[in-house]
Every structure is written in C-alpha cells, then in structure tokens.
Amino acid sequence: MTATLTPTRRGFLQTGSALVVGFTLPASGRAAVAAAKGSASLSAYVRIASDDSVTIVCGASEMGQGVLTAIPMLVAEELDADWRKVGVEQAPVDQAFANPAFGMQATGGSATVRGFWLPMRQAGAAAREMLVAAAAAQWGVDAAQLSTDKGVVSGPGGRKAGYGSLAVAASKLPVPAKPALKDPKSFKLLGKATRRLDTPDKSSGKARFGIDAQVPGLLVAVMARAPQAGAKPKAMNEAAAKAVKGVQQVITLPSGVAVLAAGYWAAKQGRDALAVQWDLGAASTLNSAGISDMLDAGARDASAVARDEGNTRDAAANAARTLDARYEAPYLAHACMEPMNCTAWVRGQGDDATVEIWAGTQSQGPAQGILGQVASVAPAKVKVNTMMLGGGFGRRFAPDFVIDATLLSKISGKPVKLIYAREDDMAAQFYRPASVARFEAALDDKGGLTMLKAGVGTPSIMAASGFMKIPENGVDSFALEGLADHPYDIPNQRIAYGRVEPGPQVWFWRSVGHSQNGFFTEGFIDELAAAAGKDPYEFRRAMLGKSPRHKGVLELAATKAGWGTPLPAGRARGIAVVSSFGSYVAEVAEVSVAADGTPRVHRVVAAVDCGMTVNPQTIERQIEGAIVYGLSAALYGRISFKDGRIEQGNFNDYPVLRMSEMPKVEVHIVASSENPGGIGEPGTPPIAPAVANALFALTGKRLRSLPFDTAQLKRA
C-alpha cells in the first residue's frame, strides 16, 4: 500500500502554533472536572479532594528535567499546601496549559519554569484566596483575620479547617484576577532541595513512557527510513517481508517504508527483509569533506551581520598583533535512550473520525493541529496522551514520529505503535547543525583585545523548523547565539552569518546554537589570552565589567576549583563561561592525557546563576546531566556522511560517556533575586571549551574541532 497523504513538516508546524494562553476554567468547567475526578477544581491547575490531598495539573512534558515536581512546587508555595499531600497529573492538550514563553503547549528552550514562574504561583495564590474566602463565609469573619499553613486555614478562637473541607465551597467562587503573591523572602518550599514526585513511580516501574502504551488490536510498525529527504525506494522485496511470520502489511510513506506486524521483532525482521534500495538523487554525492568545504565558504563569505561595532579595519591596521583561527563542529544526533515511538489510533471515517495518540512528545499542542490535518479532522477531535519521555533534548519536539504513526493507523485501519530503531532514528535527518567559524582578532601592545571578527557558516534551524521565519537582516539567531551575544567588552567587532544548506535536515539540540558557538567563542578567547601572555581566567575577568552575572559565575567557579593552585603532575585546568536561556554558567575542567592521547576529565566545577530557584536538587542534577551530554559530544559525537548516507547507527559508533569516564562534578549555585532562567540546557555549552582549554594548558596543542582529535595529543 502507498500513503495517499504527503504532509510537509512546515505546513503541519504552522497549523499547530496558534494556541493562546489561558489560566482559569470557568466555574461550570471546574465543576465538571471536579465531578469526574471526585474532587473540587479551583482552577485548570488545582484540584483538592475531601481528604486534603492536592493535585496539580502540569501542562509541560516530563523528560527527566523535573517539571512534574517544579510546577507543583510553584503552585504549592503560594497555596500554602502540605507538600506531603501534593500530587501531580499530566494535563490534556488545552490552551489553558500553553507556555507563555511560546504561546503554545510545548516543552523546550529551558522555558518551563521561566514561562510558568508567575502563572503557576498566581494559580496557587488564587486558590488560597478562594479557600480563605470560603472559610471566612462559613465562620462569618473577615478574611483578613485568617491565615494558612500546610493545607489548613486558621482563624479566631482557634478555628481550623483543612483545605478539603473548604474545596467545594471555594470552587464555586470566582477566581481572583490578581491574587497577592508572597515576597520571595518568605518562601518555605521554593529554593529548598525537594524530592521529586515522579521518582517513586519511575523506580517501581509504574511510570508510563510512550513505548509502554498498549491498546487492543495493536500492530507494531518498524520503518526503513529514507536516508535523505526526498529519497525514494527504487526496489524492495515486499514478498520477503510479508513472508515473515506475524507481518500483516507493508506501507510506503513519504518518509520511508513501514512493516506492520503483531510484535516488534516480527516487524523488524520484516523491515530487514525488505532490503530497500534507495534512489538518493543528487544527495548521492553528499560527503563530510564536501560539507566542511561548503560551511567554510559560508564562514568566509558571511554577510548577514548580527553585530557591528566600532571600526574593525582600523583596529586591525593599528594592532600590535593579529590572530586568526578556524573552528568546526559536526552534525550531531540526539541519541535519546528511549527509542522514538508513538502509538496512534484513527477511529472512524469522514465526519465521525477521531484520532488518539500516546506519545512522549515535547510539542503536544502543535501535534494536535498537525494530526488534525493528517487525519482530516478538526483539532478538537485529536486527543494527545502525553507520556513520560525517555530523553528529549529537542528531538521529541519534531513531529515526524507522530505524523508517521497516525498515517499508518489511518491507512491500515488499526491502532499502530511505530517504533524507530536507533539506527533508523539516527538516519532520520534531525541533527544539530554542523558549523564552521572563522575568527580574526587584534591585540594592542598591552595584550588588550581591541577587535574581534567572526563569520559562521551553518544551516538555518529557523528555516528548517517550519514555524519561524528568518528576519529581514538574514540572521538566524540560533546560528549565532553564544557568539553574537558574547559578554566581552571589545570596542571593535563584526559578527556575521553565512547560511549554508548542505542537505541534511537540522533541528534543535540541547542548548541549540550555544552548543557549538560556546566552544568556538571560549576556545578562541583562550587562544587570545595565551597570545597576550595572560592568565585565561584573568583575561576574561578583565573584559566582563559590563556583565556582572558572567563575572560572578566565572569568579565563583575559579575560586571553588582552586584556580592557580598546584595540581598533581600531569594535570591541568581549563575554564569557560557561557550564558544561555536566561542563565549563566562557568565551568572549570581538570584533565589529564594518557600516552596514546586519550584525555581524561577528572573533575568539573560548575557555577550557575539561574536567578531565583525552585529546586536546587534539580539544578544540580541538570547541570550534571548537561555536562555528560556535552562531554559525550566533545569526546565522541559526530554524524558523518559518505555517498549520501550517514556512517553512524548506534552507540557502537556513536558513543556516549561511560560511567567509568564520568568526572566528579561540583555544582555551586549563586544566590540571586533575578527572575528565573532555564536550567535544562545551560550546563552543556561550557564543558567542551573548558576541556579543550585544559588540554591546551597541559599539552600546548590547540584543538579547534569537535569531537577532539586525540591523535594530536599523543606523546611521541
């Protein structure tokens, strides 16, 4: 069978991004929800049962970053709830749960706490005021005489009432439009290390991930993915696939050929038996060396200017010394531990058709609109069950796996669980962009940095996304973030973007453009410090007078790492500082190198300023995880191409950091009264340059490309 629909990523994403933000349900809606749940709903986010238990409804996706604890903490703080009685529930797709940072219900960009910091606190504060008002009415006293603590309203004469006894009456009251919020100085829960609410279910196996979904009559699908966008199957052995016991159907979609069977193993064997031969068209000549040349040309010719200050030409002409360097980073896969998957069930036909999916997705809001188009139904007839995610990193923001699963269910007439084998996902054309940066700089006779020029050649994520447009100035902000917005006080600078599209599909990857540009910028700054004969920490510090938060984390990391103090023989330190997603992170890496050139990172000291904090325990763990992710990429990560095909398929040739390679990580959090920044991604960008800079300090070899070429470090 051949799919009759030919959806495009761009079209679907455009339809799914029009959600608006709403924060309350009307009283009638709250009553309906309460009746269904056996409790009283005080808003779209808060339900209270007669036993005083509180359920917080979370609209963001949980992929290990802790939102199923952070969102309840925000509400519970202002509600004055008893944390021991607080639970959490995943929200349906609804405009009430759209993230204000996006205008749609989606999770990414380290934006959950940033986006919901005020709305969730307001929801808790409003619910508290409603409970107080209900108690005041019952007791015939002024609400100003009442107080709340740990799920209890207290009043004159020793009166007390648990929230559960007041919830029904409170739910009938109007929701306050502008509830009073606590002064952060009086927080009892926020800012305190708190155990995660989802840990018990994950530990016991009760937690349900996308791949755990089961429905009656389910078929499992495995796809032979098209190795390049637009590639078409020119030959395949459909008969051999159908001869595999359990195989029921073979369906061709725009993205590949799927085999549907009674179970995963039969589907995979059938997919393998297809032996699809692909017509790659013009992409058949694609190779990594050619891509590198294209990116290099884009960096040399970069003309979309993002930052232009002073006079770089005169500064170079009057310099005591000039330097130039070329840095490069490859395409990267996301390598989520849970394979990409979606279970879809398209029921009925025509006007009676409905769609239901079970998926670990970062973009349930857009998915509803996208799948409405796929199945030709109104978005309201698409139900998205958001499951837990076994890693996201931006990959599960993409719509391909939910589109394909829905198409397969629509065509087959049965519920279908689509699972991408890891090799299929790595070939699925959703990569962190490859990038080349070319730098020029000038130093004065005192070693001061007077000029910086940079050109970056890389594909455009904005263009690839389908829901963003490149501005009129031609600058894709993702391509230059972490470089164009560097914090250093340099009087003359020009930073420009050269768009290059070698062919492979690019996508958001953990920390997006900061992941490569942090390495480029902090590596070159380190080179300039060496050329100026200055300590790399002091060189940076002297240029951060206008960036106190950068300076603060830099100083804290250096102090805690013992910068400048002696190390054991054969070890050295490197430092880097990068801001991203509203947060500031500096990292100091302590490294050694074996005789064969293999580097070992022994210790990483990280300082983070992410503004006001919700759960310090989560912050520490996210920084640790981000370091693992970034260090894996620095040491091993590469997606390379030969004759139009990628050369990597699984962890055997796309390694990640092993437990035995894990450095000791220390995380120090800056006390701050600033608005919250993100935390899921900011720990990734500084680690690669910190390690590279330490390797230079140890060996005198400057590594300007990722992953590190350890052959350069081998001792003779």
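Throughout, read-outs are computed from the coordinates displayed, never taken from laboratory work. What you are looking at is a predicted structure, and each value in this text was computed from that prediction instead of being measured. All Cβ positions, glycine included, derive from the backbone under ideal geometry; neighbour counts span all protein chains shown.
Quick look at the values:
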| item | result |
| --- | --- |
| Region 18-204 shape via C-alpha gyration tensor axes, a/c threshold 1.5 | prolate |
| Spatial separation of Cα centroids for region 47-80 and region 546-577, in angstrom | 38 |
| Rounded Å value of the spacing that divides the Cα centres of region 318-345 and region 173-222 | 30 |
| Virtual spin-label span in nm between Lys232 and Arg84, 7 Å along Cα→Cβ | 6.8 |
| Length-normalised contact order of the chain in % [C-alpha pairs under 8 Å, at least 6 apart] | 15 |
| Sequence ranges 331-338, 178-185, ranked by mean other-Cβ count within 10 angstrom, highest first | 331-338, 178-185 |
| Hits among aspartates and glutamates - C-alpha to C-alpha of Lys242 under 16 Å, sequence gap 8 or more where chains match | Asp272 |
| Nearest-0.05 FRET efficiency for Lys192 and Arg326, computed from C-beta distance (R0 56 Å) | 0.75 |
| Region 412-452 shape via C-alpha gyration tensor axes, a/c threshold 1.5 | prolate |
| Cβ-based charge dipole, the chain, positive-most Cα from Pro119, Ala586, Leu695 | Pro119 |
| Which listed pairs, of Lys417/Lys469; Lys245/Lys268; Lys234/Lys414; Lys268/Lys417, have C-alpha distances above 23 Å, in listed order | Lys417/Lys469; Lys234/Lys414 |
| Peptides ranked, highest mean first, by Cβ atoms within 10 Å: ranges 545-558, 288-301, 359-372 | 359-372, 545-558, 288-301 |
| Ala353-Lys206 FRET efficiency (beta carbon distance; Förster radius 45 Å; 0.05 resolution) | 0.85 |
| Contour minus Cα-Cα distance for Asp314 and Ser50 (0.36 nm per residue) | 87.6 nm |
| The chain shape via C-alpha gyration tensor axes, a/c threshold 1.5 | oblate |
| Structure-based [θ]222 nm, the chain - -39500 (n - 2.57) summed over DSSP H runs of at least 4, per residue, nearest 500 | -9500 deg cm²/dmol |
